[in-house]
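The values are calculated or read from the model by the stated rules, or taken from the named source; none is laboratory data. This structure is a prediction, so every number in the text was calculated from the model and none was measured. Note: ideal-geometry Cβ built from the backbone for every residue, glycine included; neighbour counts use all protein chains shown.
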Amino acid sequence: MKILVCVTSVPDTTTKITFTDNNTKLSKAGVTFITGPYDDYALARAVELKEKLGASVTVLNVGGAEAEPVIRKCLAIGADDAIRVNAEPRDAYFVAEQIAAIAKENNYDLILMGRESIDYNGGQVHGIVGEMLGIPSISPVMLLDIDGDTAGPRTAKITREIEGGKEELEAKLPLVLGCQEPIAEWKIPNMRGIMTARTKPLKVVEATSTDVLTDVSGYELPPARGAVKMIKAEEAETLIHLLRTEAKII
Amino acid sequence: MSVLVFAEVENGTLKKSSQEAIFYGAKVAEMMGTSATVIVAGQSDNSALAEAGKYGANKVLHAVDAKLNEPNGMAYATVVAAATQQEGASVIVLAKSSLADAMTARLAGKLKAGLAANVIELPDLSNGFRVKSSIYTGKAFAYNDLKADTKILAIKKNTIIVEETDATATVESFTPALNDADFAVTVKSVEKATSDILLPEADLVVSAGRGLKGPENWGIVEDLAKALGAATACSKPVSDLDWRPHHEHVGQTGIKVSPNLYIAAGISGAIQHLAGVNSSKVIVVINKDPDAPFFKSADYGIVGDVFEVLPRLTKAAQAL
Ligand SMILES: Cc1cc2nc3c(=O)[nH]c(=O)nc-3n(C[C@H](O)[C@H](O)[C@H](O)COP(=O)(O)OP(=O)(O)OC[C@H]3O[C@@H](n4cnc5c(N)ncnc54)[C@H](O)[C@@H]3O)c2cc1C
Ligand SMILES: Nc1ncnc2c1ncn2[C@@H]1O[C@H](COP(=O)(O)O)[C@@H](O)[C@H]1O
């Protein structure tokens, strides 16, 4: 079985986001970049499936050289090899085109992604890739099992989250999935993994298309909230009154 | 050149988020000097569909086919793509939902469309097609220039305040060609809390964290939610510990909500939690620790014990 895991390199979740260059660029000063938390779930499940069923796991990132520490970390966690498409990820369509082009060459049985990137939060790349490849896309996936039978196309058993609940799904591979917890526990690389990751192949390729359909022209920070109004615990009832008369929301 | 809005019908009426999407779509149509058409797939009463007129749509296309009775993002995307072509629509509006999320990307792929997710304002058409969206999990906004001929906007809850009129929309049936490949995923079972107010749709949310000490104490959270007509939510550790179901978990790695009111009880206010809730209109924080970081992001705060404060609030809410 061949698994492709698509990962993003994104600001750590504790980052206070700020912009530079007249609000046109993310300020990267002092920012730690991490694997997208959802992509980390996808990778962890891919490595588990490899251990359980036997599989090759390839990690793919569309991004500049600054994403390589994140890619190496994925290799240390258990991916076998990696591909970086050397291009600035301009919009979801552009990224999806790069991923689909690589998938067409390599016929993966399973393409695992995060439910959404935590920078743009689009949750779109998996669906566009699915459409481009003409295969189903399912997100957000909470549980994933693949049957061990290798006679025909394997079947995936999937739990997907929906509003206020979940649904159980079944589909034949190949599939594109957007993953979230509790699909697997995040994995931390061990010393041996870190050592072997250094020599695992990381192939850099150039972008195959240039379509950018949505351009970001600028950024903005949310306005600061006004000062907090404190209410004494003994007078908690006042809050309900204020929500009705002052905030007018109940 | 028209605007097409995908709407969902639930329990015999247009979902609240869909009403908002229709109103938004009608406003965009007005700005473009054109009209808004709504597309609904699956079984539904004509009366529910005609209601789309109240929110500004002229016409509703109703795609009926036994195969469309169960919501299916891929098949619905095929339907909407066909309707886009028939109507010559250049803008497609959807309200974010688990169904719409499964459709927008497939649609963008089919139509080679520009796409903005988490849209929070009407577009600015003065120089191309620019729209503001929420990014970095609510920590910032982006201005997106949509350059393709077809544009898809997935709007967040509370993007626009809906105004109703008495108008009704005409309903036409629509029979697009369906694609077998869209039915390759089999739904084995669905588990859904039906009676409760669903979190992503809720105007009011009462949320609680590890400060509640254990799942057996959630009664006081549910009581307040019930008294206010609010949905319940929780922090990540609470769902990790299985005190509450995963679909109630809000934040960076959970559901992102933007209700009118978010009450946080016994939640410290970690940045990853704030990320999912900071676009709420009014935030109330109840915490026994006066230095809890959440107070910095609150509009109203109460320093106190949740086990005393929540029941007092419930009583006061019941007395309204
Ligand atoms: C990558 C990543 C993603 C994450 N994503 C999320 C996410 O999506 N959502 C999320 O919530 N977290 C997320 N987290 C976790 C987050 O960092 C915090 O650990 C979590 O939000 C803390 O939950 P809590 O506030 O319920 O618990 P705690 O931090 O333990 O806070 C409990 C609070 O309750 C108060 N308290 C205790 N007893 C009482 C009482 N009797 N009365 C009143 N107050 C009381 C305490 O003073 C304290 O402030 C994420 C973390 C990481 C690293
Ligand atoms: N630049 C990228 N390189 C590789 N994978 C990506 C990239 N951008 C997005 N993805 C994948 O697509 C998922 C959804 O991203 P998005 O549509 O941006 O929310 C992410 O969780 C990743 O798995």
Inset, instruction - Taking only segment B:122-142 into account, find how many residues are modelled with pLDDT under 95 and of a type in the set (D, E, K, R). - result: 1
Legend entry - Pick from segment A:12-59, criterion touching an Asp or Glu at 6+ places or on another chain (Cβ under 8 Å) and of a type in the set (S, T, N, Q), ranking: nearest to B:Ala142 (Cα to Cα): A:Asn23
Inset, instruction - Any chance you could count how many residues in segment A:204-250 are more than 26 Å from A:Lys25 (Cβ to Cβ), in contact with a helix residue (DSSP H, G or I) (Cβ under 7 Å, 6 or more places away or on another chain) and charged (D, E, K, R)? - result: 1
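If we keep just the residues of segment B:119-135 that are within 22 Å of B:Leu274 (Cβ to Cβ) and in contact (Cβ under 8 Å) with a residue 60 or more places away in the chain, which is surrounded by the fewest Cβ atoms within 10 Å (Cβ to Cβ)?
Residues of segment B:119-135 within 22 Å of B:Leu274 (Cβ to Cβ): B:119-121, B:132-135.
Going one step further and asking which of them are in contact (Cβ under 8 Å) with a residue 60 or more places away in the chain, we end up with B:120, B:134.
Details: B:Ile120: 19, B:Ser134: 22.
Looking at the filtered set, the residue picked out is B:Ile120.
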Inset, instruction - Identify, from the list B:Met1, B:Met31, B:Met74, the residue that is in a helix (DSSP H, G or I), over 19 Å from B:Thr175 (Cβ atoms) and aliphatic (A, V, I, L, M). - result: B:Met31
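So which residues in segment A:112-138 are within 16 Å of ligand 1 (Cβ to nearest atom) and either buried (at least 24 other Cβ atoms within 10 Å of the Cβ) or of a type in the set (S, T, N, Q) (or both), if there are any at all? Break it down stepwise before answering.
Filtering segment A:112-138 for residues within 16 Å of ligand 1 (Cβ to nearest atom) gives A:114-119, A:121, A:123.
Residues satisfying the conditions are A:Gly114, A:Arg115, A:Glu116, A:Ser117, A:Ile118, A:Asn121, A:Gly123.
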Inset, instruction - Being within 7 Å of chain A (Cβ to nearest Cβ) and either surrounded by fewer than 22 Cβ atoms within 10 Å (Cβ to Cβ) or within 16 Å of ligand 2 (Cβ to nearest atom) (or both) is the filter here, so list the residues in segment B:306-319 that pass it. - result: B:Glu308, B:Arg312, B:Ala316
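I need the full set of residues from segment A:95-123 which are among the aromatic types (Phe, Trp, Tyr) and within 9 Å of ligand 2 (Cβ to nearest atom), in order please. It would help to see each step written out before you state the result.
Residues of segment A:95-123 among the aromatic types (Phe, Trp, Tyr): A:108, A:120.
The one that is among the aromatic types (Phe, Trp, Tyr) and within 9 Å of ligand 2 (Cβ to nearest atom): A:Tyr120.
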Legend entry - Hits in segment B:172-207 (condition: modelled with pLDDT under 95, within 19 Å of the chain's Cα centre (by Cα) and not β-branched (Val, Ile, Thr)): B:Lys192, B:Ala193, B:Ser195, B:Asp196, B:Leu198, B:Leu199, B:Pro200, B:Glu201, B:Ala202, B:Asp203
Inset, instruction - Tell me, yes or no, whether segment A:47-58 has at least one residue that is within 14 Å of ligand 2 (Cβ to nearest atom), modelled with pLDDT of 95 or more and touching a strand residue (DSSP E or B) at 6+ places or on another chain (Cβ under 9 Å). - result: yes
Inset, instruction - Tell me, yes or no, whether segment B:181-197 has at least one residue that is in contact with a Ser or Thr (Cβ under 6 Å, 6 or more places away or on another chain) and over 24 Å from A:Lys157 (Cβ atoms). - result: no
